[in-house]
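To start, the structure under review is shown below, and the notes come after it.
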Amino acid sequence: MIIKKRITIIQTSKPLKHDLNQELQWFARSLGLFGERDKDKSCFRLFLELLKSSKEHHALSSDDLALKTHLSRGTVVHHLNELIRKGVVITSGKKYILRADDLHRLIDDIKKDFERMFKELEKSAEMIDKILE
């Protein structure tokens with residue numbers, strides 16, 4: 001089974017003002033969790049609900065998330081699928097939760113994903129270079 005994750009790191013200016021909401025938006029935007037098309041911040045609102053539930057070690061269904069965020073279930077499922085594809089959300093039965101119960105661990109997990117991928121790329125590059133010699 002091949003697992004694909006699309007993790008994107010976007011270097012943007014960190015907010016100058018120490019405001020929790022702006023800091024969270026910068027954090028999520030830097031991980032490429034949502035973009036300019038998310039005008040109503042629906043994915044951001046979903047991310048916040050998942051973060052809250054993860055802190056309590058409590059997975060939520062798409063219906064629960066739709067109710068909490070005041071979004072349609074279709075919108076919620078769309079964003080959940082994107083967050084799963086990006087390696088940030090995992091499923092637990094028919095429920096969803098962040099893959100780590102706090103943001104520090106989430107970043108650490110993503111960093112480990114990058115390190116594993118770069119090791120594989122280095123091995124592949126070495127093999128290809130040997131073949132091309």
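The values are calculated or read from the model by the stated rules, or taken from the named source; none is laboratory data. Note that the structure is predicted; figures quoted are calculated from it, not measured. No Cβ is skipped: glycine too gets one built from the backbone with ideal geometry, and neighbour counts run over all protein chains shown.
Of the residues making up the range 25-63, those that are surrounded by fewer than 14 Cβ atoms within 10 Å (Cβ to Cβ) and either among the hydroxyl-bearing types (Ser, Thr, Tyr) or closer than 24 Å to residue 74 by Cα (or both) are 35, 36, 37, 39, 40, 52, 58, 63. If residue 90 satisfies all but one of (1) surrounded by 10 or more Cβ atoms within 10 Å (Cβ to Cβ); (2) over 11 Å from the mean Cα position of the chain (by Cα), what's the number of the condition it fails? Tallying (1) surrounded by 10 or more Cβ atoms within 10 Å (Cβ to Cβ); (2) over 11 Å from the mean Cα position of the chain (by Cα), residue 90 fails exactly one: (2). Only one of the numbered conditions (1) loosely packed, with under 10 Cβ neighbours inside 10 Å; (2) in contact with a Pro (Cβ under 7 Å, 6 or more places away or on another chain); (3) among the polar types (S, T, N, Q) is violated by residue 22, and that is (1).
Taking into account only those residues within the range 93-133 that are aromatic (Phe, Trp, Tyr) and closer than 22 Å to residue 29 by Cβ, which is surrounded by the most Cβ atoms within 10 Å (Cβ to Cβ)? Outline the logic, then answer.
Restricting attention to the range 93-133, the residues satisfying the condition of being aromatic (Phe, Trp, Tyr) are 96, 114, 118.
Subset that is closer than 22 Å to residue 29 by Cβ: 96, 114.
On the way: 96: 25, 114: 12.
Out of the qualifying residues, it is 96.
Just one residue in the set 75, 69 is over 24 Å from residue 4 (Cβ atoms) and in contact (Cβ under 8 Å) with a residue 12 or more places away in the chain; that residue is 69.
Would you point out which residue out of 97, 90 is in contact (Cβ under 8 Å) with a residue 24 or more places away in the chain and not in a helix (DSSP H, G or I)? Step through it out loud before you land on a result.
Working: 90 fails: in contact (Cβ under 8 Å) with a residue 24 or more places away in the chain.
97 is the lone residue from the list that is in contact (Cβ under 8 Å) with a residue 24 or more places away in the chain and not in a helix (DSSP H, G or I).
Among the residues of the range 75-87, is there at least one that is surrounded by fewer than 16 Cβ atoms within 10 Å (Cβ to Cβ), outside any helix (DSSP H, G or I) and modelled with pLDDT under 95? Scanning the range 75-87, I find no residue that is surrounded by fewer than 16 Cβ atoms within 10 Å (Cβ to Cβ), outside any helix (DSSP H, G or I) and modelled with pLDDT under 95, so the answer is no.
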